[in-house]
Amino acid sequence: MINRPAILITLFLFGCSSESSLETRLLDLINTNDSHSHHNACIFLSELSFSERLLSDVKNRAPESICKHYLIAKKSNDKLAIDTFIKNFPMGQDLEHIWSIHRKSGYPIEFTPPYLTYLTKLAASSDLALDKLINVLNQTKAADSENITDSLAALYNKQENRITNALSKNNASINLTTFIKETAEHLKRTNNE
Amino acid sequence: MSDLTFNTRNGFLTWGAEHYKSMSGPFGEGTLPIGDYTIAVYNAVEGKGLKTAYQDTATNDRWFLPLSPQFSTHRDGFGIHPDGNKPGTLGCIGIQASDAGSFWRRWNNTPMTARPTKLTVMK
């Protein structure tokens, strides 16, 4: 089972000689060619509190990747960094590869790859993120992407016109559009999130 | 240990002598493909990171048992979970509310080494 506190405690104990040695180790793992280590290290690093120094280290040392864009965007909350993250968000086979790694790693920290969770969060206020999210859902073959459609359906209930327009603008499939609207209706009826 | 089977015609997920009413699809690319799957017993997911799509509406439990196809397919991300929010799934096996609770209780009351590790999907 995913146990976030246990994972964080384990990470802390692993690096309890100094937090900087843990950060350094995770940054080293982000720089490996091993995609699993890269992915997991990125997720764990994103759970730590960031200093300016660590943010600078990520900018200077991390390889160009969705991981780097994600860490910088999430930790700096800088608009330019957020836009960069959105524009570089992987699609098609690249995204399927991330899903695959996340599953094979046992869904570390959370069920959905955190890059996707972050994009979903941004979609509430960013049209750029919303467009990207709809395109992701239009393309994905992931049976476990219902977490994302669930979030989009909840957003639909709050911003119906905006989401409807975005679905149309991005040529969302009839299946996807229907799925989101029917899920939204169900959420509304049952007063769920 | 008994393996699981899922009959795509009648929608029953079977574990030994117990049958759990379920459905797979019709959303996305529909019902999961026929064949054998490995159940990732040690990678089961539980908790609030999961949205209402994975919620047992009777008990409010949210959980997901990952499945890995043992054959080549372009699809991925399959699992067994309560069929939450609107009825139907993107291909996962969604156990209906009336039966999800009893399945999950049995799962949790079964020692890890005795839990089924294989699922066969058949017509």
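Brief remarks follow.
- Matching residues, segment A:45-72, being within 16 Å of A:Phe85 (Cα to Cα) and of a type in the set (Asp, Glu): A:Glu64
- Among the residues of segment B:92-103, the ones that are within 14 Å of chain A (Cβ to nearest Cβ) and out of contact with any strand residue (DSSP E or B) (no Cβ under 6 Å at 6 or more places or on another chain) come to 1 in all.
- Complete set of residues in segment B:34-76 that are within 11 Å of chain A (Cβ to nearest Cβ), of a type outside the set (A, V, I, L, M) and in contact (Cβ under 8 Å) with a residue 40 or more places away in the chain: B:Tyr42, B:Thr57, B:Trp63, B:Thr73, B:Arg75
- Checked against the criterion of being in contact with a strand residue (DSSP E or B) (Cβ under 7 Å, 6 or more places away or on another chain), modelled with pLDDT under 95 and of a type in the set (Asp, Glu), segment A:102-110 has no qualifying residue.
- Of the helices (runs of 4 or more DSSP H) entirely within segment A:97-193, those holding at least 2 residues that are farther than 30 Å from A:Asp34 by Cα and at the interface with another protein chain (Cβ under 10 Å from one of its Cβ atoms) occupy A:146-158, A:174-190.
- Residues of segment A:45-65 satisfying the condition of being part of a helix (DSSP H, G or I) and surrounded by fewer than 20 Cβ atoms within 10 Å (Cβ to Cβ): A:Ser46, A:Glu52, A:Arg53, A:Leu55, A:Ser56, A:Asp57, A:Lys59, A:Asn60, A:Arg61
- Condition check for B:Thr31: hydroxyl-bearing (Ser, Thr, Tyr) and either closer than 28 Å to A:Ile174 by Cα or touching a Leu at 6+ places or on another chain (Cβ under 7 Å) (or both): yes
- Checked against the criteria, A:Phe85 does not count as outside any helix (DSSP H, G or I) and buried (at least 19 other Cβ atoms within 10 Å of the Cβ).
- Boolean, B:Gly79 is surrounded by fewer than 22 Cβ atoms within 10 Å (Cβ to Cβ) and either small (Gly, Ala, Ser) or within 10 Å of another protein chain (Cβ to nearest Cβ) (or both): no
- Some residue of segment A:4-14 being modelled with pLDDT under 95 and surrounded by 15 or more Cβ atoms within 10 Å (Cβ to Cβ): yes
- Within segment B:4-30, the set of residues being touching a residue at least 60 places away in the same chain (Cβ under 8 Å), among the polar types (S, T, N, Q) and out of contact with any Lys or Arg (no Cβ under 6 Å at 6 or more places or on another chain) comprises B:Thr5, B:Asn7, B:Ser22, B:Ser24.
- With respect to being touching a strand residue (DSSP E or B) at 6+ places or on another chain (Cβ under 8 Å) and hydroxyl-bearing (Ser, Thr, Tyr), B:Thr14 fits the description.
The values are calculated or read from the model by the stated rules, or taken from the named source; none is laboratory data. The structure displayed is predicted, hence computed values, not measured ones. Because the Cβ atoms are built from the backbone with ideal geometry, glycine has one as well, and the counts that use them run over all protein chains shown.
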